[in-house]
Amino acid sequence: VLYGATSGRLYAAGRAGERFAVRNSGATVVVEGCGSNGCEYMTGGVAVIIGEFGRNFAAGMSGGIAYVYDPEGKFDKYCNKELVDLDQVQYEDVTELKTLIENQYKYTGSAVAKRLLENWDDELERFVKVFPRDYKAVLLKRKQAAEAVKA
């Protein structure tokens, strides 16, 4: 699903299979789980996984952002961390993440999304932000340049 996607949105009340959002360069997606090799070689877009995940997540991921719901704290063992950092969801991410989960519920009637929203303050801290290091560096340089122009 979404192999090579360049744009668009997908909200799926169900689990995607192996190689979900591989080479995604611009789509925004929410699914209730995925198999192995999720977000492999992803270069852009946003992926939200609110269920189980397979091994080798984010292998070769150089851009975009993935938010993974990890209530058991085991995601780091399934993620290929060669090119990505696993960060806490930051204040500036919360609105986007919550809106995507609200849309998941709105468009699919997802019981998983509903449960997350009903307990949002507790569940938010169970998300991991998968953030490619090079992409993070580019965003930081852009932010610094914009601040320098303002000064």
Completion exercise
Sorted by chain and then number, the residues having a modelled amide H within less than 5 Å of the amide H of L10, at least 5 places away or on another chain, are T28, V29, V30
Completion exercise
Judged on accessible area alone, 1.4 Å probe, highest first, V29, V138 line up as V138, V29
Fill in the blank from the handout: Accessible-area order for R23, R115, largest to smallest, probe 1.4 angstrom, reads R23, R115
Completion exercise
Here the percent of antiparallel bridges among DSSP beta bridges lying wholly in the chain, to the nearest 5, is 35 percent
Completion exercise
A chain fully extended from L140 to D85 at 0.36 nm per residue, minus the present Cα-Cα distance, gains in nm 18.3 nm
Problem - Kirkwood Rh in Å, taken over all unlike Cα pairs in region 35-78 - result: 10.5 Å
Handout entry: Contact order relative to length of the chain, as percent, for alpha carbon pairs under 8 angstrom and 6 or more apart
Key = 19 percent
Handout entry: Counting all C-alpha pairs of the chain, share separated by more than 19 Å (%)
Key = 50 percent
Exercise for the section: Determine the gain in length on full extension of the stretch V149-Y3; use 0.36 nm per residue of separation and subtract their C-alpha separation, reporting nm with one decimal. Expected result: 48.7 nm
Completion exercise
Beyond 24 Å (Cα-Cα) in this structure, taken from K129/K150; K81/K136; K74/K129; K98/K129, we find K129/K150
Practice task
First check a/c for region 94-151, with a ≥ b ≥ c the square roots of the eigenvalues of its C-alpha gyration tensor; if it is under 1.5, answer rounded, and if not, answer prolate when a/b is larger than b/c or oblate otherwise.
Solution key: prolate
Exercise for the section: Kindly sort E18, E32 by accessible area of their heavy atoms, largest first, with the probe set to 1.4 Å. Expected result: E18, E32
Practice task
Starting from the amide H of F20, placed 1.01 Å from N in the peptide plane, find each other amide H under 5 Å away whose residue is 5 or more places distant or on another chain.
Solution key: G35, G38, C39
Practice task
For region 23-103, divide the Cα radius of gyration by the Kirkwood radius and give the resulting Rg/Rh value with two decimals.
Solution key: 0.92
Fill in the blank from the handout: Residue by residue through region 25-41, the couplings from Karplus 6.51 cos²θ - 1.76 cosθ + 1.60 with θ = phi - 60°, in Hz, x for Gly and Pro, are 10, x, 7, 10, 9, 10, 9, 9, x, 7, x, 5, 6, x, 6, 5, 6
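The values are calculated or read from the model by the stated rules, or taken from the named source; none is laboratory data. In this text the structure is predicted, and so the values were computed from the model without any measurement. Keep in mind that these areas ignore ligands, DNA and RNA; they rest on the heavy atoms of the full protein, side chains included. Shrake-Rupley method; radii C 1.70, N 1.55, O 1.52, S 1.80 Å.
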